[in-house]
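Here is the structure we will look at.
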Amino acid sequence: MNWQVLTLTVQLATLTALILVLAGVPLALWLAFSPRRWKFLVEAVVAMPLVLPPTVLGFYLLVAFGNATALGRWYQRLTGSTLAFTFTGLVVASVLYSLPFAVHPMAAGFRGVDRKLIDAARTLGVSQRTIYRRVVLPLAWPGLLAGLVLSFAHTVGEFGVVLMVGGNIPGVTRTLSIDIYDQVQSLNYAAANQTAAALLIFSYGLLCLVYGLNRSFVWSGR
Amino acid sequence: MFALSRTLLSLLLLAAGAGTQPASTGQTKTVPELKVAAASDLSAAMDKLAAGFEKQSGIHIAVALGSSGNFFAQIQNGAPVDVFLSADKSYPEKLKQSGQTDGAIVPYARGQLVVWTANSTRLDLASKDGHVLAALQSPAISKIAIANPEHAPYGRAAVAALMHDGVYDLVKSKIVLGENISQTAQFAQSGNADVALIALSLALSEPMQKSGHYVLVPQNSYPPIEQAGVVVKSSQHKPEARRFLEYLTSAEARSILHSFGFGDPGLTDPNPDSIRAEAPQK
């Protein structure tokens, strides 16, 4: 097992999951409670990474990062280098790619909160912010946790986007999935098998955690 | 982009060809369709080679382009391919060792390495005593794209050439790895890497010509990239497949390969029969 690759992957997934919780909670709250009619337009955008092949995102990100776009040129002037082939670039890509995996369970969690409790809090004169903080968030925590865990797991399992914008630099952009691909390409089936099997077990454990938590929540909630 | 869509198209053709061939040929003897798995540096040349062969023999060729390592693994696992054109001799040799080839390995071309820069990159690629790559030390260069040396022949050649010019350790931190030689080119063409070490055949393609320029890396600075082809044992069309490999060594095919940036292969397989009999260990 290549520890550098593992550490890098865990760092990438952790950072991505944290960013997605920070950005995902307000977005999920809005999706769950906003009365806006055009909400479905935003919902569709959030869900896009579920249906698009990673190559679409990877291709557009590579072009956007390069010097063919104003955005790419601006970033290169600012920092002296392109976002492609950097850890930061991978974080940007992963946040976009794992967005629905964070937002969907969170929004589902928020929607599941009993409306009567929210209305009760409101009649008691509590501000909207406090209702979110003291009533909605604590009741929706399994959804939040599922969003966190799933976006982490999905980032660990990311391949296509990383392959297209990462550049496979050891310690910077070589993640577990890329490493496995390299091992297979180099015909090191034994090494590939080792990493792949570890990932298989890890993913199963993580998903058991998510579903297990959901189950105990449903039971205790009834 | 162009190479990508072409690859997809050829895969589609390959898939479609699998089911449709007998219907089209009426009462005369069925004309077989050869399925050729070709290294991605052949992407531009393959159309002309296939057309030339079809004109001469009446045998149609369906091409799938991709990385030689991938095709190797697929053929090993029973992919329905008649001819495998690798960018590297080692994959056909490994197939031969595991008894999955028919007949001799045929070297058909020699790949040539170039250093390519975008028009916007300010870099003087003039050779300093034959050391073209010495210029890559320049602080103006922040990213150098090469193919992954672990499984791409051009990647191995790139590393060897950088070492030959004494700059590998100095530029190591600037290197980004493409999965195959086409992706390596695309890293530079999209403006994300300043320089790419790629196949001449790719540097000659239209999008790369338009957006940049290249200089040949001297042949003596890296081990030769011997491209070789082989007939796959499970092929149902072995005589036709063999004929196609023979066509690749003809004067006509040579001149097509030349025009797409390939050199002549070095030694031909010295003694194919002895190799087949002994199955060497290397």
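The values are calculated or read from the model by the stated rules, or taken from the named source; none is laboratory data. Predicted model, so just to flag it, every value in this text is computed and none were measured. Glycine also receives a Cβ, built like all others from the backbone with ideal geometry; neighbour counts cover every protein chain displayed.
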Single condition B:P224 does not satisfy, out of (1) closer than 30 Å to B:G103 by Cβ; (2) at pLDDT 95 or above: (2)
Residue match in region B:158-179 (condition: under 25 Å from A:V161 (Cα atoms), under 14 Å from the mean Cα position of the chain (by Cα) and modelled with pLDDT under 95): yes
Residues satisfying the stated conditions in region A:37-73, i.e. outside any helix (DSSP H, G or I) and under 23 Å from A:L27 (Cβ atoms): A:R37, A:W38, A:L52
Any hit, region B:136-143, residues being free of Cβ contacts under 8 Å to residues at least 24 places away in the same chain, hydrophobic (A, V, I, L, M, F, W, C) and not in a loop (DSSP other than H, G, I, E, B): no
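I need the helices (runs of 4 or more DSSP H) fully contained in region A:75-189, keeping only those with at least 1 residues that are farther than 21 Å from A:T16 by Cα and out of contact with any Cys (no Cβ under 6 Å at 6 or more places or on another chain).
A:87-111, A:115-123, A:176-185
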Hey, A:F87 out of contact with any Pro (no Cβ under 6 Å at 6 or more places or on another chain), under 16 Å from B:K143 (Cβ atoms) and in contact (Cβ under 8 Å) with a residue 24 or more places away in the chain or not: yes
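Select from region B:163-177 the residues that are of a type in the set (V, I, T) and within 14 Å of chain A (Cβ to nearest Cβ) and list them in ascending order.
Just the residues of region B:163-177 that are of a type in the set (V, I, T), to begin with: B:167, B:171, B:175-176.
Those that are of a type in the set (V, I, T) and within 14 Å of chain A (Cβ to nearest Cβ): B:V171, B:I175, B:V176.
Among the candidates B:S201, B:S211, single out the residue that is within 17 Å of the chain's Cα centre (by Cα) and outside the structural domain of B:E93 (by TED's automatic domain parsing).
Details: B:S211 fails: within 17 Å of the chain's Cα centre (by Cα).
Criteria check complete, one pass: B:S201.
Matching residues to (1) under 18 Å from A:G160 (Cα atoms); (2) more than 10 Å from chain B (Cβ to nearest Cβ); (3) charged (D, E, K, R); (4) loosely packed, with under 14 Cβ neighbours inside 10 Å:
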| residue | (1), (2), (3), (4) |
| --- | --- |
| A:P53 | yes, yes, no, yes |
| A:V56 | yes, yes, no, no |
| A:F59 | yes, no, no, no |
| A:L62 | yes, no, no, no |
| A:N67 | no, no, no, no |
| A:G72 | no, no, no, no |
| A:Q76 | no, no, no, no |
| A:T82 | no, no, no, no |
| A:F87 | yes, yes, no, no |
Of residues in region B:144-175 being β-branched (V, I, T) and outside any strand (DSSP E or B), the one nearest to B:G66 (Cα to Cα): B:V159
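Quick grid of which residues meet (1) within 11 Å of chain A (Cβ to nearest Cβ); (2) surrounded by fewer than 18 Cβ atoms within 10 Å (Cβ to Cβ); (3) farther than 24 Å from B:M46 by Cβ:
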position	(1), (2), (3)
B:L197	no, no, no
B:A203	no, no, no
B:S211	yes, yes, no
B:P218	no, yes, yes
B:E226	no, no, no
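Of all residues in region B:128-157 being among the small types (G, A, S) and within 14 Å of another protein chain (Cβ to nearest Cβ), which is nearest to the chain's Cα centre (by Cα)? Can you show your working first?
Initially, region B:128-157 is screened for residues among the small types (G, A, S), giving B:130, B:134-135, B:138, B:140, B:142, B:145, B:147, B:152, B:155, B:157.
Now restrict to residues that are within 14 Å of another protein chain (Cβ to nearest Cβ): B:140, B:142, B:145, B:147, B:152, B:155.
Numbers: B:A140: 31, B:S142: 27, B:A145: 17, B:A147: 12, B:A152: 9, B:G155: 12 Å.
Among those that are among the small types (G, A, S) and within 14 Å of another protein chain (Cβ to nearest Cβ), it is B:A152.
Could you tell me which residue of region B:178-195 is nearest to the other protein chains (Cβ to nearest Cβ), considering only residues that are farther than 19 Å from A:T175 by Cα and among the hydrophobic types (A, V, I, L, M, F, W, C)?
Among those that are farther than 19 Å from A:T175 by Cα and among the hydrophobic types (A, V, I, L, M, F, W, C), it is B:A193.
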